[in-house]
Each structure stands twice: as structure tokens, then as C-alpha cells.
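The structure under discussion appears below in the form of C-alpha cells.
Where a number appears in this text, it was derived from the coordinates with a stated rule and is not lab data. The model shown is predicted, which means the values in this text are computed figures rather than measured ones. No Cβ is skipped: glycine too gets one built from the backbone with ideal geometry, and neighbour counts run over all protein chains shown.
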């Protein structure tokens, strides 16, 4: 408590926010001078913000008269007295956020300088009417900043500037207000009322903490869609502050749906009670995220919608990533492993090998394959797509495993996802929830305990049981010579251990441990590591021998200081998290409060017993006196003397009785229930402080009050009529009227006394009503939770199930209730699982794992299940809680996470080969064609040269396949009817295949059009058929080719997410050859992978096929069995028929007599191209150094008609050389040649002003045509 220095107020707790209404500057001085004087004396940091009518100079002078050393305190910074312009309007206008942050910063500075806290005051005379609403909201926010912190705030308002509505606003935003009436300061609203309201909210706040720590955004809206409550997670999710959100409607956050659609959701909620849907929300910064929303309707307070919102953007991203990476385990950053039924690891991707280098050696003994026999028995006997998922721990990491039974290989493919952060977050949440549970149970234990020792022992048991800590003990600080700590109660370890500790709270070796330090300082003290903390040395050996690793000690505090401590021991080293520390500190404060309450209750009982004893003695004494007077009338003189002595003695007794009555009144005043004593005439004889605080009636006023059915002037209680003296009272609820005319819910019982009087005992029921409303909200939250929840009795029968559980079970709630949970239809291998679950839960443990469940329509659901015991207050298991999460969609998506990135990774390598290879081929093309142009060439030489030219063409085709695969070059597509192209390719094949291979053709003439390059279709058919022919080269066989129209449905899209539903052409190539092993099938589309002998194949054919089909947004599948043959299915998206453009005929070689500058850093290229140009009739100047070529051009730019340059050259690229030449002579024709370039293509060259672009290798005809076209452009 802090003394305000103001006589009318007295002491108030930290966090008090109150105000003063004044008329003159004298009123301000009269209130603020003693206020700040007391703060300075109490070592508090003070801040006085002034305004008219009391300015800074006047304020300092008035305070200095009361505090002579004010100047010294000002210099040292203990107090600031500043004008409002330097605080409230520092930036030119009032900013609530800036001022609130300033108060918080001042408090931090005060505590950092070891002041007790912050005492502040601000005058509002400067405030204009236009700013009133903003300042009112600021005052509301001040309560949240000050409440619970070491701050006192006194706001001053001028009555000249406040009307009736403003006064109401001010009073509403402060705990109480001071106003001067008839020369005296009076409180117009009691702080006790505010404190009572906070007490009523205590239980609500505990449950609110659970919602605040939830990993989903929690919100409450009214029927108009206005937000009236949100948790911190929702604020973080949306980017808005809580204050901003509470001024918005839920539709303001929608990025997808209109306000009408939002109102439609609200109508649906009112009609059906529950609603679940997905939408998109917009954050404060304008970004949009995917959201999943689950809500329920509550018929309270005019109708409320409560719900949770989850940010599922990451889930959406993972779904997309899953589709993209489904076929590429080698590039998957998460571990992917294939295992046969014996547990032998047949395949592990690089991520798995890096994470688990000993996996292939350990096999089924490795943690990754934990419980392999059970898993194998379950997985290898179920169809693919219907397999379990589970979570495993490997070292310090946790992984989520999903399984896929590969039908082609019969192996189990296991995909792993690192979920360590999620598991740790869930553990933190469980730990906080356990601590909150302990808080609630501690409150109940305090009310239930018969004495202090019983409460201490139960408190220890609660902390061990609910929080899961290893050991707890409570000790009291003794005021003996050694300042020893006396153990009072303990739990979680063997008896006798605490007595050996010999802990002290003195400033010595045994007083420097956590317990002694916490008692001495009155602050929590932690030992994060008992093994290394030097202060824990005296107790280390015994602690480590019992498995303890760290500890936390919390002081037990009262107004008089520290009287003991709670010591909590942990099995793991490390510091306690801040959020858990706060809850444990609150728990310690609850225990300290409980101890004080029990002591007060016991003192009350002792006082009552003493009063009864003294009353009996007095009654016996009175009877004795009467008997002696009657017997000794004759001895009046002697009796009179004796009577005088007795009268004197009775005076002492009466004085003692008066003292006892005062003690009883004190005890009664501290009992937290309403008490009122009435005599037999109905006159109030005694009331306690709680009666007056809640009802506002004094003892005299109570005589005029009729509570329930009583005559005016009498206070009656329900159930008191006919009640015998000493009888057991009954409780009756009633709305009772206060002195202010307000009706409050209360419950009353009457005790009839032997003299006909009564004792009325009343309980304030408003807190219970609020708790009931809160339980309704919590129940609604469970009802609309996305996880299935069910409660079982001891026999395993379901006694409760929420709607989500109805979905996961496939049964209605009526069908579930009374049914054994373990009898629900489950997947194969669940019998052993059921036994394991029952055994774990009956033993008091928590079981969690994965299982499958069959619904009534035959579908199978993948479930993540947790089963935990529910205990009563004595710790006995009375029920079990089942929590299920349906992870079927995740399992199905994870089955597609394979090879989506494998081919992309090789693209860059494949494209890099093209440039050098084309430069090698170009001279071969040119010189071979030049020789073939010689008419005198003999036939044998011509044949040999033509063979060489064909070999060069094969090399060029190979390079083009590489470019196609690397996606560096896009083929021009057009509407193409591919049936003729396929037939043409098969016709060509018939002339090349041996007679032992039969070709069966099933191609309809009208099979529709696709967008394609006919040459690529020809390439696909030739590559597939050549591979099939190679597989049948030794024994012969049948090569069957089919082309049909098909419709791709949703089921196929699930297997091949790279395509979309719709019309397709399916090209099927089947052979009866040798077939392929699963290992070969896995790599069949890898570039440069081949099973052919050296020289028989490049390994690019199927990789190119895969690249073309991927670009066409189609799909390719392969099925093969060793000895049975292979089938490839190619799916092309179909388009409406369009005419196919015809090819232009090729003309004669164009010639000329132009002067050409030829530049290439390769001498062989220069010599070959010079021969071409001369043969075509041109004059050639050649250079192998681009800088020398530019120098030669600069000498006489007009001497050249055309420039031909290579792109990739040292010192100066072809593009750079062209830019320099065109800058010197704009419009000059330039042809750019390259073997391959990622930076420049035909369109890029055109953008630079270059006339022509040639890809090496090129023929003489292509070069001649390019020169002719470039010169015509000029």
C-alpha cells in the first residue's frame, strides 16, 4: 500500500488511477503538494505536468515550502515539474500512444534507478472540447498501462471546463474522484468498488490466459459483426492493436468476401449454431493471408458469435510445394526413405543420409524405424494411400512421418517433416495450462482446507500433480539465532530429505542459496543449473543424487514482508520461461493469501471460543451471587462488603468482555461474507464491514431495510421461519437492494439463536454468475474446436463428444454416447494399440499416437490421437479425455512430395553444354557443305562426306535436345493434329526396325488438335519407339502404339497434380521387351541416365520427352515389369481444331558482293565462315580480337556493308561490340552468332538494333538467307 498524503484518501495500492475536480489554484496546491511530498519521502520518482491556473514556477514555489530540499531532488532527477506542452503535445498535437509510451518509459527508468515506483499527476486545463473524445479514450487506456504496475496517477480537472457529461466520463474512467463540498474533500466513488470488480474478474482472467496463449486467433462479435473481444494472437495475426480491432467490424478484415457475404455467414450461424469455412483476410499493412474460420453462436447478451481464426497460408504453401516436389525425393530438403518389409533401407535421399548417416547400417533398429515390426505388419498389408502416419523422435529432433506403399516396388516410402518447433510449442502450452490448473486448484484448496498444515500439504501436492514438477516444499523463515528455514510441507520426494538441507536465510554460506536469497530479498530466485551454480554447492550432492537439475524459489509475501518461500525442483536444467514465471509467482501469491486467510479464520474461531467461555463464566457468577444473597440476608453487613468486592470484580469482567467484543468485531469485519446479527425483536445489533461495503447500509440503516418478505423495520431471511435454535440453515438466492438502489444477486442463510435472535449470512453471487457465463463461453469454444474431443468414463464409454468428433468418427452424437470408444471401427493392427492406450491411461499416463478409422461409408481417416486421464480434486482418475485431429488431407498431399525439383536442378548444367558443343559442330557443318558443293567430287568421297554431315546433324539434334530440356529455348507451338505426325514417324520406323519386331498401330484419323511443335511430337514418338525397339533387339516382339481421346478426372489429378481436369489426347507406347527394375523406373527420366552400352545412347531421349510434356502442361506415366515389357502413357491437353500453317518452300542460295567485317575469337570459326562468305561472292575482313575489330571499324565506318560477330568473346561481347558499331554508324546491318547464350536471344538482339541472329551450328543456306534478310532490312 502507498500513502497518498491526502487525508481524505489515505493508503491505496499501486496501480490506482484517481482524479480531482478543482475550482481554484489553491485547490490544486492543497491536494498536490502533500501528494508529491509523501511520494518523495517514500523514495518514488515523481512527475508533475502543469497547466493553468498553476504554472511550473508557482508549483515549484508551493512544493518547496513543504519540501525544503526540493532543489536537490530536482537536480538528482527524483522529481520533474514541466509544462503540459512538453508532455501532452510535444509533437504539436495530442497523441495518446506517445503519452502512454512516455509513462511506461518513465516507470522503467524509475525502477532502473531503484526508486519504489512512479507517482504522477497531470492537469487538463489545456484540453479543448474538440480533443475531449480522444482524451477520454486515452484515459480508458491509462487504466491498462497503470493497472498492476508500480504507478499512482492523479488527474486534475477544472469544474469550469467540465459539463455534466464530461464529469460522468471522467468519473467512469477513474477508480474514484475527489470533490470539495462545504469546504471538505469527499470521495464521490469508492475505490473499494473498483477493487471488488477486479476480484470478480479474477477467475475470468485465469481462463482468459488460456485463450491468450492459444495458437489461434480468438474473437467475439455481436450480431452486427462488430468485434467486442480479441486475444493477442488475433492482434499479431492481423497486425492491428487490440484497441484498433475493437473499433472495427469483422467485415473490415475481409479481402475476399463482401459485407453481404459476411452477413450471410452470421445468418447461417444463428440458424445452425456452428459454421466452418475458409476465406482470405487483409492485414493492417495491406498483405493478405489465407484463413480458416470456425465459429459458434451463443444466445447470451442479445446474441454473440465466438470463434477461432487460423492463418493457413503456410499450409497452402506446403500444399503447393507438395504438388511441385512430389516426384523429386532427391531434391527434397526433408528426409525420404524407402524400406522393404524386412526393414532394410533400399533408398535414402541426400537429406536422409545427411541427417541419419547410420540409418542403412542400423536398419529397423534405428529410431527412424522405431517399432518396425508393428509398423510393417500394419503398412505392408494395406493398400497405398491408406497407410498410417506417426511422429518419431530422432535425437533432439521430432519428425512427422507419412507412408506411401509404392505398388511398382512393394516398398514402403516414408516421408519425414521436421516438427520439432511445433512439438516444443505444444509442450510450452501444456506447461502453462498445467500451471493455470494449479492456480485454480490452489484457490479451491484454500476454501476447502480445515487448517494451515492441511492447506500447505495440498498446495505442494497440487504443484507436483498439476504442474508436473519433480519436487516442491514450503518453508517458513524462523526468527531464531540461526535464521533457519523450517520445512512445513513437501511433495514429490522421500520423507526426511528436507530435514537434511539445513537451509538458512541469514547472510552466510547456507543463506546464499535460492531459498535464503528469495526470503531475504522478497524476490523470486532461480538456480538454472545445480551442477554449475556455486551458490548451490552445499546441497549439490544430495540434489544430483535424486535427479534434480534446477530449481525456482518464490517468496511468500504479506504486507509485513516475507514470511516463507515455495521451493520448486525440476528434472531438467535451464531457466524458467517468463510466462511460466509469472503464473508461478501468481500461484505463490495465492498460497500466501490462502495462508493469511486460514490464519485469520483460525483466529476468528479462537475468539469465538473465548467469547463463549467468558459468557458462561459470567452467567455462572450471576447465579452464584443470587443464591448467596438469598441465603445470607441476615448477614447483610458481611454480605454487602462481599458484594462490593464482587461488583468490583464484575467491572473487570465487563471491561474484559468489551475487549473481547471489540476483538470479535475485528474478526467479523475480516470475514469475506456479509454478516448481520438481529435480536428477537428484529433490531440489528451488529453488522460487519463486508455487509456495509457491498450493500452500503450501516447497522442503523439496516433496521429500516426489508430484505425478503419481512415487515418494514425488520430484516428477514429465507428459511429462518420455523428453524430451531442451532438448526442447520438453508441457502436461498435473492436479488437484494443496496443503499444506492441497485439490486445485486446474493444468497442468504439464517441461523436462529436460542434467545430468538438471528444471524444472517450473505454471499455475493455476482462472481459466480460471471463464472457461469465464462464457462458457457469456454464450453462453446470446445464445441467449435477443430479437433475432435470426447470424454470417456472408467469403463471406456463415451459420455461426451463435440461436433468435430462426430466428423472424425462418422457417427452422430446420439450414436456415440454410451458406446465404447475402443470399439469404434479402426484400421488394421489397432487391437494392440487399444490395449496400449487403455493400459497407459489407467496407469495415469498420457497416450498419444496415430491410428486409422473406417467410417460407415467405408472411407478411412488418418487420425492423430491423444488420450489423457481426468482427475478429481483428490487425484483419482474419474474420466479420460480423447483429442483427435484428422490429418487425412496432409497424408494424401505428402504422398505426392517426390521428384518435382530433380529435373530443374540439372537445367543449368544441361544448358551450359550447348555453347561449346555448337562451336565445335559449326566448322564441321560449314566445311563439309563447302566440299560437297564441289561438282567434281567423286561419288565415294561425296558418300563419305554426307555420312560425316549426318553425324554432325545428329550432334546438332543432341544439342537441341539439351536446350529443349534446359528450357532455355521455347519451340513455337501451333494447333497441330498429331495423328499424321505419329503415322509419319511409325512409317519411318518400319524401314529401320528389324523384321522380328512387329508394329501394331491403333490411330484414328480424327483425334483432335493440340498446341505443339510437330517436330517435337515426332521427336517424342521416335525417342519412345527407339527405346522400345532397343528393349526387343535380341528376341523381337510387338511394338504397339495407340492414340485416343480421353477425359482426365479429379481422381487422376490427385495422382498427377501437374495437370488439370479436361479433354486430353493419350499416346500409349507399349513393348514386350525386357522391362525395367523399379530402380531403373525411378531414374528413367534423369538426363544422361541410360542402360545402353557406351556409344548406343546419350541418355537424353526420355529426359527431353519429359521436358517437352512438362512444357505442354501434360503428364507422362511409365509402368514396367522385368521380363514383361514397358508401357508409356503421354497425356496432351486437347484444343479446338484449327488450320495448320504450311511451310514455305526453300529457294536458291542468295549471293552478293558486299564488304563484310567478320569477328570471332575462334580461328577455326573465322576461317570456316570466311570461306562461306567468299563462296557467296562477298569481300571479307576478319578479326579474332573484338577490340582490334572495333578499332579498324572506327578508322573508316563507311567501308563495311555488313558486320557478322560472335557473341561470347574475351574483352568485349558481340552485343557490346554491336552497340559501339551502331553508335558510330546507326542502321548498319549486324548479324549476331552464338553457340548458346542465356543473356541474348533473337528478340534481345532485335531490341539492341541488331538485324539478324544465328544459332550455331548453321548451314551455308541459313547464313546466306540471314545475310540477304539483313541487307534487305537496310
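Remarks
- Paramagnetic label zone (point 7 Å from Cα along Cα-to-C-beta, residue 14; backbone N under 15 Å) in the range 573-587: 582, 585-586
- Cut-off 18 Å (backbone N to label point 7 Å along Cα→Cβ of residue 137), residues of the range 14-40: none
- Taking all Cα pairs closer than 8 Å and separated by 6 or more residues, the relative contact order of the range 1155-1273 comes to 22 percent.
- Potential lengthening between residue 836 and residue 161 on full extension [0.36 nm per residue; Cα-Cα distance subtracted]: 235.5 nm
- The residue 97 and residue 25 beta-carbon pair, evaluated with R₀ = 41 Å, returns a calculated FRET efficiency of approximately 0.85.
- Exposure proxy order (Cβ contacts within 10 Å, fewest to most) of 999, 79, 1172: 999, 79, 1172
- Neighbour-count ranking [beta-carbon atoms within 10 angstrom, fewest first] of 786, 27: 786, 27
- Remark: the residue 755-residue 1223 segment gains 156.3 nm on full extension, using 0.36 nm per residue and subtracting the alpha carbon distance.
- Kirkwood Rh in Å, taken over the range 1221-1268 so that all alpha-carbon pairs contribute: 11.4
- In percent, rounded to a whole number, the relative contact order of the range 770-894 is 24, using alpha-carbon pairs under 8 Å and six or more apart.
- With a simple spin-label model that places each label point 7 Å from the Cα along the Cα-to-Cβ direction, the separation between residue 1000 and residue 397 comes to 5.1 nm.
- A Förster radius of 30 Å, combined with the Cβ-Cβ distance separating residue 480 from residue 657, puts the computed FRET efficiency at roughly 0.20.
- With a simple spin-label model that places each label point 7 Å from the Cα along the Cα-to-Cβ direction, the separation between residue 559 and residue 1192 comes to 10.6 nm.
- Among 761, 798, a tally of other beta-carbon atoms within 10 Å of each Cβ gives an order, fewest to most, of 761, 798.
- Between residue 181 and residue 80, full extension at 0.36 nm per residue minus the direct alpha carbon distance yields a gain of 33.3 nm.
- Computed from the C-beta positions of residue 531 and residue 316, the FRET efficiency with R₀ = 35 Å rounds to 0.15.
- Mean Cα-pair separation over length for the range 214-311, i.e. relative contact order, pairs under 8 Å, 6 or more apart, %: 29
- 13 Å reach of a label modelled at residue 582, 7 Å along Cα-to-Cβ, counting backbone N of the range 217-245: 232-233
- Simple spin-label estimate for residue 1111 and residue 984 gives 1.8 nm between the two label positions (7 Å along the Cα-to-Cβ direction from each Cα).
- Judged by the mean number of other Cβ atoms found within 10 Å, the most tightly packed of the peptides 339-350, 1211-1222 leads the ranking 1211-1222, 339-350.
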